[in-house]
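> Submitted below is the structure of interest, expressed as structure tokens.
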Amino acid sequence: MTNGIQNTQHGKANSTMNAITPKPVMIQVGGVDVPAEPRPDLGRTIVEAWTQEGGEEIRRFFRVVTLPQGRQVTDVTVEVERDLQQRLQRSQERLDREEQEAALRMQRLASQSPMSTRAQHGDLVSEHSDRPGVKRHRSRTPLQHLHARRLVTGRQFSAGQSLVEDNQISLMVRQPPEPGTVTVGDGGGGCFETAAIEAARRIEDAKQRCARLGPTIWPAVRAVVIDESPVSKVVGSERSRDTKPLMTALRAGLDAVGDGYGLPTAYVSARLFVSDLHVEIEVVEDHDGLWRSRSLNGRPWVEEGRSLSEIHAAGKRELRTRLDAILGYGPHLKTTIAAALDADRTAASRREMTTARMVAEAHERLEREAVMERKRVLGR
């Protein structure tokens, strides 16, 4: 074992190592200079060297510590090899455990039929058929599954179903409702292409309504309702704390879609008090007892809380943030705060008018396309 003090010419040796390719260092072992390679994976001061003993090369590990009086080199081969052996044993145990879990998982899946697996995840339900004692299996969409678990309201479910029907009509994979009433002619009738364009217009209107609430609202509605992807698959997890943001966006989006289809709303207007000023907030209570907001001071604002007081507290924080952005930090007069709140409402109203104008222009464009398509079909 080598355990001594080696004097260096400059007092302190340069022990800097490159993070990508460590630079080799020279150490003395038994009075002989030996090149050593730093091993940062084993420790900041551990180096690896090959020494000659009995005509054979032997790998050894040393701890190199730079002291004021020189460099101290200590042979720690036994300790490092024991640590490497323990690491290898833990790695092998972890690998064996993962292989056992995979084998048990495959055995469990092999013992279940596809229908039983889908039924466990709520994608399949059993119903009584017309024949006595015989049941039939029916698959459910993610939206139907959420409605059966009372995670979405009846209004949200109806809005989602209407959106699905319009999507199928716009893709021309489903006939419009009451196809017998649709006639081909130039006297106010319509055709399949016209119904598809009108359905696409309603989908675009739903998309714009969701976009007003935030950039994450429409992607959540499209993924679950139109693409029929389960919530756990979209999020990548089944934990409620991971799926909560997506469910909040989905509920808010379906409420906005329901407004476009003319469904009765359940939102109520409440008031917040900021510096003795009344600020309006729209809230609703979902089936699971959670409260959710839709607008604050005439501006879209989606927030979910366990109680109405929690929504009010979050609303006051949001208003303080908006006022700080307009007026800056510090105390302000009541008239100044009132003017800032009016400016916030005016800005929201202007954005709403701009969005409505863009939607109207898109509708006019679709109407012109529908008229041209009708002329083309009738001119065949």
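The values are calculated or read from the model by the stated rules, or taken from the named source; none is laboratory data. Because the structure is predicted, anything quoted here is derived from the model rather than measured. With ideal geometry, Cβ positions are generated from the backbone for all residues, glycine too; neighbour counts draw on all protein chains shown.
> Take the residues of region 212-248 that are touching a residue at least 12 places away in the same chain (Cβ under 8 Å) and under 17 Å from T355 (Cα atoms): which is farthest from the chain's Cα centre (by Cα)?
Restricting to residues being touching a residue at least 12 places away in the same chain (Cβ under 8 Å) and under 17 Å from T355 (Cα atoms), the top hit is R212.
> Now a separate question. Inspect region 252-259 for any residue being touching a residue at least 40 places away in the same chain (Cβ under 8 Å), touching a Pro at 6+ places or on another chain (Cβ under 6 Å), on the phi < 0 side of the Ramachandran plot and not assigned by TED's automatic domain parsing to the domain that holds L290 and give the result as yes or no.
Checked against the condition, which is being touching a residue at least 40 places away in the same chain (Cβ under 8 Å), touching a Pro at 6+ places or on another chain (Cβ under 6 Å), on the phi < 0 side of the Ramachandran plot and not assigned by TED's automatic domain parsing to the domain that holds L290, region 252-259 yields no hits at all.
> Which of the residues belonging to region 260-319 are touching a residue at least 60 places away in the same chain (Cβ under 8 Å) and among the charged types (D, E, K, R)?
Matches in region 260-319: D286, D288, R294, E304.
> Okay, moving on. Report yes if H287 is within 33 Å of the chain's Cα centre (by Cα) and under 30 Å from R149 (Cβ atoms), otherwise no.
yes
> Among the residues of region 351-376, how many are more than 37 Å from the chain's Cα centre (by Cα) and exposed (fewer than 14 other Cβ atoms within 10 Å of the Cβ)?
Residues flagged as more than 37 Å from the chain's Cα centre (by Cα) and exposed (fewer than 14 other Cβ atoms within 10 Å of the Cβ) within region 351-376 amount to 5.
> Turning to a different aspect of this structure: Can you report the number of residues in region 324-380 which are of a type in the set (G, A, S), more than 28 Å from L213 (Cβ to Cβ) and assigned to a helix (DSSP H, G or I)?
Count: 1.
> Taking the condition of a type outside the set (F, W, Y) and modelled with pLDDT of 80 or more, does E373 pass?
Judged against the criteria, E373 is not a match.
> Examine region 105-123 for a residue that is acidic (D, E) and at pLDDT 85 or above, and state whether such a residue exists.
No; the residues of region 105-123 include none that is acidic (D, E) and at pLDDT 85 or above.
> Out of E228, E238, I need the residue that is closer than 19 Å to G160 by Cα, assigned to a loop (DSSP other than H, G, I, E, B), of a type in the set (D, E, K, R) and out of contact with any Phe, Trp or Tyr (no Cβ under 8 Å at 6 or more places or on another chain). Which one?
None of the others qualify; the one that does is E228.
> Further, regarding this structure: Would you point out which residue out of A206, A249 is at pLDDT 80 or above, within 23 Å of L308 (Cβ to Cβ) and not in a loop (DSSP other than H, G, I, E, B)?
Exactly one residue qualifies, and that residue is A249.
> Given the conditions (1) modelled with pLDDT under 85; (2) buried (at least 19 other Cβ atoms within 10 Å of the Cβ), report the number of the one that V283 does not fulfil.
(1)
> Within region 68-83, track down each residue that is β-branched (V, I, T) and assigned to a helix (DSSP H, G or I).
T77, V78, V80
> Another question, if that's okay. Say we look at region 260-280 and pick out the residues that are more than 28 Å from P331 (Cα to Cα) and surrounded by fewer than 17 Cβ atoms within 10 Å (Cβ to Cβ); which of these is modelled with the lowest pLDDT?
For region 260-280, the residue satisfying everything is A266.
> Out of the residues in region 22-40 that are modelled with pLDDT of 85 or more and not in a strand (DSSP E or B), state the one that is surrounded by the fewest Cβ atoms within 10 Å (Cβ to Cβ).
Looking at the filtered set, the residue picked out is P40.
> Looking at region 257-284 only, could you name the residues that are closer than 12 Å to S158 by Cα and under 24 Å from the mean Cα position of the chain (by Cα)?
The answer is V257, G258.
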